[in-house]
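Working notes, structure below.
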Amino acid sequence: MKMADKSITCKDCGSDFVFTEAEQDFYREKGFENEPVRCQSCRQSRKRDRVSNRGPRTMYPAVCAECGVDTEVPFQPSDNRPVYCRDCYRPRNR
């Protein structure tokens, strides 16, 4: 079903923006049920604000399962899963 471009008013800045047919197809393919309510500029601004307000990550001590070096990881290590330092993890993840 072919859809036409749709004009939407941004709920943050009040400007009108176009929700294109291609964007509508993308939303439908991803299973998104709601149309966007913010323009691209306001969406990017909100994303930047969320990232900058996140604060420092909690890091947890661990021992690399491959080389045995002490390292820190951004998640609570589990006893039944191996943890790798940055140098050992990179080649495994390629």
- Query: Within the bounds of the range 6-17, is there any residue that is loosely packed, with under 12 Cβ neighbours inside 10 Å and among the aromatic types (Phe, Trp, Tyr)?
  - Reply: no
- Note on the structure: Among strands (runs of 3 or more DSSP E) entirely within the chain, at least 2 residues that are of a type in the set (Asp, Glu) occur in 70-73
- Item | Filter result (over 17 Å from residue 9 (Cβ atoms) and touching a helix residue (DSSP H, G or I) at 6+ places or on another chain (Cβ under 9 Å)) within the range 21-42 | 32, 33
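None of the figures in this text is laboratory data; all of them are computed from the coordinates on show. Fair warning: this is a prediction, and the values are worked out from it, not measured in the lab. Every residue, glycine as well, gets a Cβ built from its backbone with ideal geometry; the counts of neighbours run over all protein chains shown.
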